[in-house]
1. Pick from region 31-53 the residues that are part of a loop (DSSP other than H, G, I, E, B) and more than 21 Å from Gln21 (Cβ to Cβ): which of them is modelled with the highest pLDDT?
2. Is there a residue being at pLDDT below 70 and either touching a strand residue (DSSP E or B) at 6+ places or on another chain (Cβ under 8 Å) or surrounded by fewer than 11 Cβ atoms within 10 Å (Cβ to Cβ) (or both) anywhere in region 5-19?
Amino acid sequence: MKPTFNDYVDLIYNRFEAFVQSSDEVAKLVKPYTYQTQSMIVFFMWMQFKKIP
C-alpha cells in the first residue's frame, strides 16, 4: 500500500517530537515549542519536500 499524505505528516510529527525530547538545546529554550510552532515547522518541511515555491 502506498503511503498517504497523512502517513507522511504523522511521521514528521513523530520525528519532531523525538528531536524535541532528545535535544539539550531545546531544553534550554526560554519558551518551549508550542503546537503552533510545531505545525509551522512541519508545514515548511512538507513544502520543502514537495518543492513547492
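1. Pass one, region 31-53, residues part of a loop (DSSP other than H, G, I, E, B): 31-34, 51-53.
Restricting the remaining residues to those that are more than 21 Å from Gln21 (Cβ to Cβ) gives 51-53.
Details: Lys51: 70, Ile52: 58, Pro53: 52.
So the residue we want is Lys51.
2. no
The values are calculated or read from the model by the stated rules, or taken from the named source; none is laboratory data. If you're wondering where the values come from, they're calculated on a predicted model, not measured in any experiment. Methodologically, a virtual Cβ is constructed for each residue, glycine included, from the backbone with ideal geometry; neighbour enumeration extends over all protein chains shown.
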